[in-house]
Amino acid sequence: MAQKKICLNANESPFSLSGASRERLAHALNDLAYNRYPDPEARDLIRAFSAHYRVDPVQVIAGNGSDELLQLLMLAYAKAGKPLALTSPDFSMYDHYARLAGVEILALPKDAAGRLDGPAYLAAARAAGCGMLLFSNPCNPMGQGLSREAVLDLAAAFDGLVVVDEAYMDFWDQSVLDRVRPEGNLAVLRTASKAFGLAALRLGFGVLPTGLLEDMLALKSPYNVSSLSQVIGSQLYDQPDQLADRVASIVAGREKLQAALEDLVKDRPGYRVYPSVTNFIYFEVPDAPVLDAYLQGQGILIRRFGDRGLRVTCGLPEENAAFIQAVAGFLERRPDDEY
């Protein structure tokens, strides 16, 4: 019998829909007009999202995942003919969609602690003539973030557009969603794939200033979010208590996982665990490919970044325990003097 894999490699939620949610959705899906195209404006979905986050629905666009919105963003920005300022490391799809749209890229490395240096980022972007700043906050893959105040300072000091991807902000409390203005320069992206556990639906949202919103709406395909995703998303965004409970459980699990991982590697040369405010933990080891291959042999999938970096998603308690047990077993087999 094949070994069941433990998937801790994609920053997904370990929780699927509850029984109560499934029952509620079953009734809603009975009324779905499967023979009709989706609402091109995703009005009910946007209303539910906007009510949950207390933002103005006239500033919101819904997309087929944040990936579609990133692609639309790059296509809209390309006409400016200016470079885009990214950070490194960050979500790899920023670079991918920028290059597809023909946008020149300036990537500023993070500091030794894995943090974005706001003033240095701003200065480099200005010097290169960039018209847009784009970064995830909290950051994927390193799990750290800029404070709300630091992000707002960046937006206030920059003449161009500041786009903040808050895919993991449901696990932290430093959002700037409430500061997006119709005539401002601050834009925020959100996803239902992480805290909401709706990765299968592909739902992303942008809360945008008016000019950018109009440009992206003009570029998107008419029926970009399926009726099924719209109905399920509308139902789930209307259940804030369930979301809060699940976020609290994931955060508690991440803290326990981080403490266990730090305890395992303490005093070992070349090992480092980065603090996290997300649902995942980034850590460095002397030989990441070897540990990654060992974990795969144990049926545990995590994400590798080069020769040193690894990222593990917080899973269910038994999945986290299996990961820690496997790392402990690896360290027992590979003492420090073997490196």
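The values are calculated or read from the model by the stated rules, or taken from the named source; none is laboratory data. Just so it is clear, the model here is predicted, and its values are computed rather than measured. Every residue, glycine as well, gets a Cβ built from its backbone with ideal geometry; the counts of neighbours run over all protein chains shown. When the accessible area is computed, the model is the full protein with side chains, heavy atoms only, and any ligands, DNA or RNA have been set aside. Shrake-Rupley method; radii C 1.70, N 1.55, O 1.52, S 1.80 Å.
Which longest run of the chain has no exposed loop site in it, a site being trypsin sites (Lys or Arg not before Pro) in a DSSP loop with at most 12 other beta carbons within 10 Å, and the site itself not part of the run?
Between the exposed loop sites, the longest stretch runs 80-265.
Report the net charge of residues surrounding A195, where surrounding means a beta-carbon distance below 9 angstrom and charges are Lys +1, Arg +1, Asp -1, Glu -1.
Counting the neighbours of A195, the net charge comes to +1.
Of all the accessible heavy-atom surface of the chain, with the other protein chains kept in place and a 1.4 Å probe, what percent is carbon and sulfur? Intermediate results must be reported in sequence, preceding the final value.
Numbers: 7880 of 15570 Å².
Accessible surface attributable to carbon and sulfur in the chain totals 51 percent.
Around N224, with a cut-off of 13 angstrom between Cβ atoms, what is the net charge of the other residues, counting Lys and Arg +1 and Asp and Glu -1?
-2
How far apart, in nm, are the 7 Å Cα→Cβ label points at A112 and A128?
2.4
What nm value, rounded to one decimal, do you get for the distance between I105 and A328 when each label is placed 7 Å out toward the C-beta?
Going by the 7 Å Cα→Cβ label model, 4.0 nm.
Restricting to the chain, what percent of DSSP beta bridges are antiparallel, rounded to 5?
DSSP beta bridges in the chain are roughly 50 percent antiparallel.
Take the alpha carbon gyration tensor of the stretch 170-247, find the square roots of its eigenvalues, order them as a ≥ b ≥ c, and report rounded if a/c is under 1.5; if not, report prolate when a/b exceeds b/c, else oblate.
Working: a/c = 2.61, a/b = 1.22, b/c = 2.13.
Cα axes put the stretch 170-247 in the oblate bin.
Using a simple spin-label model with points 7 Å from Cα along the Cα→Cβ vector, what separation in nm is obtained for N35 and R308?
Spacing of the two 7 Å Cα→Cβ label points: 6.2 nm.
How large is the dipole of the stretch 223-339 about the Cα centre if only Lys and Arg carry +1 and Asp and Glu carry -1, each at its Cβ, rounded to the nearest 20 debye?
Dipole of the stretch 223-339, to the nearest 20 debye: 220 debye.
Using Cα positions and a limit of under 18 Å, work out the aspartates and glutamates in reach of K5, with same-chain residues fewer than 8 apart set aside.
Correct list for K5: D292, E318, E319.
Can you give the accessible area per residue of the stretch 139-193, in Å², using a 1.4 Å probe?
Heavy-atom SASA per residue in the stretch 139-193 reads 34 Å².
Suppose all protein chains stay in the model; what accessible area per residue would a 1.4 Å probe give for the stretch 55-125, in Å²?
Numbers: 3060 Å² over 71 residues.
Using a 1.4 Å probe on heavy atoms only, each residue of the stretch 55-125 averages 43 Å².
Name the residue, out of M74, M142, M93, whose mean-square fluctuation peaks in a Gaussian network model built on the chain with Cα pairs under 10 Å.
Judging by the Gaussian network model, the answer is M93.
Quote to one decimal, in nm, the extra length available between E214 and K4 on full extension: 0.36 nm per residue of separation minus the C-alpha distance between them.
On the way: separation 210, 0.36 × 210 = 75.60 nm, distance 4.64 nm.
So the extension gain works out to 71.0 nm.
Using 0.36 nm times the number of residues separating R22 and K256, minus their current alpha carbon distance, what extension gain do you get?
Extra length from R22 to K256 when fully extended: 81.3 nm.
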